[in-house]
Amino acid sequence: MEGAARMKMGETLHLADRVNRISVSATLAVLTEAEKYKARGIDVVDFGPGEPDFPTPEHIKRAAVRAIEENRTKYTPTAGIAPLRQAVCTWHAAQLGTAYEPAECIVSVGGKHVCFNAINALINSGDEVILGAPYWVSYPDIVKYAGGRPVAIPTRASDGFCLRAADVEQAISPRTRMVIANSPSNPTGAVIPPEEFARILDVCRRRGLWLLTDECYSHFLYGDARPFSVASLPGAKECVIVAGSLSKTFAMTGWRIGYALAPAPLVEAMLKLQSQSTSNPTSIAQYAALEALRGPMDSVGTMLAEYARRRTRILEGLRAIPGVTCTEPQGAFYVFPDVSGGRSNGAAASDTLRIGRELLERAHVAVVPGDAFGAPGFLRLSYATSMECIEEGLRRLAGFFAGGEGSGL
C-alpha cells in the first residue's frame with residue numbers, strides 16, 4: 001500500500017460522521033457478551049434474545065431444500081421474485097385487510113432493512129422523526145445515520161406504554177417528517193388499540209407526515225386481540241409505510257426476509273437504495289418465505305399458547321420481587337419491568353446499565369438495560385426461552401435484588 005493509503009501504527013482512524021453518529025445495537029451487544037460467558041463454560045440464563053426459541057416449521061425448511069436442489073441459487077430481481085411479492089400482498093390482505101399490489105411491495109433483508117431503506121429514502125439532514133419511548137433500539141440510530149433527529153415522546157407504564165395521538169400531535173414541529181409506531185412493541189409488548197391507531201393516522205394525514213408502522217410482532221397478541229394494520233384503514237395507503245417481517249411469525253429470524261408495503265414511488269426509491277447496497281435478499285430464503293406465506297400457520301398458535309403460559313409465570317415471578325413492578329405485555333414476547341425501586345448489590349437500581357453488567361457478572365443472567373430503549377430504570381427480558389430457564393432466571397433475579405449474588409454457582 002502507498003503513502004496515505006497506509007495506516008501507521010497508532011495513527012487515528014477518521015471515520016465518516018454518519019458512522020460516528022450511531023452505536024452498535026445494544027441487543028446484539030448483550031448477545032455477544034453472553035456468548036463470551038457461555039464460551040467459558042458458565043451457565044448463563046439468557047433473557048436477551050429477541051427471537052422465537054421454536055424451530056422454523058418443517059414445510060418451510062423443505063421448501064428451502066427444494067430451492068437448492070432446483071438450483072434456485074442465482075441473483076433474483078432486487079425487489080424480490082415476483083411470486084413472493086404477490087404472496088406478500090395476498091397474505092397481508094387476508095390476514096390484515098389491506099389492498100396492495102406487487103408494485104407497492106419490496107422484499108428486503110429483514111424488517112430492520114426495510115426501516116433503514118424507508119428512513120434513508122425519506123429523511124433529510126435536520127428532519128425530525130417522532131417515536132414513542134420506550135422504543136426499539138435501532139430506530140434512533142437509523143434516523144441519526146440518515147442525518148435526521150429522533151424525537152422521543154415518553155409513554156407511560158400506567159397507560160400500558162401506549163403511544164397516543166394527542167402526544168404525537170403535541171410533539172410535531174415544522175421539521176417533523178415521520179412518525180414511527182411499533183405495535184405490538186419491542187420492548188414493552190404494548191399494543192396500540194385500532195381506534196387510537198386511527199387517531200394517529202388522522203394526525204399524520206392532516207399534518208402531511210409519513211407513518212411507518214412496524215408490524216414485526218403482528219400475530220403475537222394475547223387475549224381477544226386480533227392482528228391489525230393501520231394500512232387497512234380508508235385513505236391510509238397514501239402516507240403509511242408497512243414494515244413487515246417473517247422473522248417472528250414464522251420463526252425465521254436467521255433467514256432475513258422482510259418486506260415493505262408503501263406507495264409505488266417510495267418503493268422505487270427504496271429499490272434504488274437496495275440495488276446499490278445488498279441487491280436481492282438470498283434467493284433460497286425467498287423461496288422458503290414463499291412457502292411460509294402460502295402454507296399453513298398452525299405454528300403461530302402453538303408458539304402463542306406457549307408464550308402466554310410463560311408470560312403468566314414470568315410476570316408472577318417478577319412482581320414477587322420487592323421493589324420491582326411490571327406492566328402486563330399485550331403482545332410480543334417481552335416483559336419490561338421497572339426495577340428502579342429495587343435493591344441490587346449496592347448499585348442504584350435506576351442505573352440499569354450497571355445493573356445489566358452486574359447481573360451478567362454476578363448472577364449470570366443476561367438482560368437488556370432499559371437505557372437502550374430510552375427508558376432508564378427498566379430492564380427488557382425476553383421469555384422466548386424455556387420454562388426451566390425462566391424459573392432459574394427468576395430465582396437468580398430474586399437473589400440479586402435481595403442483595404445476594406443470585407446465581408447459586
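The values are calculated or read from the model by the stated rules, or taken from the named source; none is laboratory data. Everything numeric in this text was worked out from a predicted model, so none of it was measured. As a convention, Cβ positions derive from the backbone with ideal geometry for all residues, glycine included, and neighbour counts pool all protein chains shown. Heavy atoms of the whole protein, side chains included, go into the accessibility calculation; ligands, DNA and RNA do not. Shrake-Rupley method; radii C 1.70, N 1.55, O 1.52, S 1.80 Å.
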Under 5 Å from the placed amide H of Ile130, counting only residues 5+ away or on other chains, we find Val151, Arg177, Met178, Val179, Ile180
Semi-axes in Å, largest first, for the range 4-161 (Cα gyration tensor, √(5λ)) are 32, 26, 23
Long-range amide H partners of Ser108, meaning residues 5 or more apart or on another chain whose placed amide H is closer than 5 Å, are Gly258, Tyr259, Ala260
Mean Cβ-within-10 Å packing, highest first, puts peptides 188-194, 52-58 in the order 188-194, 52-58
Out of Asn124, Gly374, Val30 - ranked by how far each Cα lies towards the positive end of the dipole of the chain, with unit charges on the beta-carbon of charged residues - the top one is Asn124
To the nearest 20 debye, the chain has a Cα-centred charge dipole, built from +1 on Lys and Arg Cβ and -1 on Asp and Glu Cβ, of 520
Once the in-chain neighbours fewer than 8 apart are removed, the aspartates and glutamates whose Cα is under 17 Å from Lys248 read Glu51, Asp53, Glu58, Asp214, Glu215, Glu291, Asp298, Glu306
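Quick check for me: using +1 on Lys/Arg Cβ and -1 on Asp/Glu Cβ, what's the dipole size of the range 1-131 about its Cα centre, in debye to the nearest 20?
In total the dipole reaches around 400 debye.
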For Lys237, counting only lysines whose alpha-carbon sits under 22 Å away and dropping same-chain residues fewer than eight positions off, the answer is Lys112, Lys272
Heavy-atom accessible area per residue of the chain, all protein chains kept, 1.4 Å probe, expressed in Å², is 43
In Å, the Kirkwood hydrodynamic radius from C-alpha pairs for the chain sits at 22.2
In the range 164-251, the trypsin sites (Lys or Arg not before Pro) that sit in a DSSP loop and have at most 16 other Cβ atoms within 10 Å of their own Cβ are Arg175
About its Cα centre, the range 106-162 carries a charge dipole, from +1 on Lys and Arg Cβ atoms and -1 on Asp and Glu Cβ atoms, whose size in debye to the nearest 20 is 80
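Where does the range 236-353 land on Rg/Rh, using Cα atoms and the Kirkwood Rh?
Using Cα coordinates only, the ratio equals 1.12.
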In whole percent, the fraction of accessible protein surface over the range 192-240 that belongs to carbon or sulfur atoms, probe radius 1.4 Å, stands at 50
The value for the range 197-257 (convex hull of the alpha-carbon atoms, volume per residue, Å³) is 85
The long-range amide H neighbours of Arg380, using H built 1.01 Å from N in the peptide plane and a cut-off of under 5 Å, are Val368, Gly370
Of every hundred units of 1.4 Å-probe accessible area on the range 142-186, the number belonging to carbon and sulfur atoms, as a percent, is 48
Counting only DSSP loop positions in the range 180-248, the GluC sites (Glu not before Pro) whose Cβ has at most 10 other Cβ atoms within 10 Å are Glu238
Membrane-span-like helices (DSSP H runs, Cα span along own axis at least 30 Å, mean Kyte-Doolittle at least -1.0) in the chain -> 298-319
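Could you work out the relative contact order of the range 69-158, using alpha carbon pairs under 8 angstrom and six or more residues apart, expressed as a whole percent?
Computed value for the range 69-158: 22 percent relative contact order.
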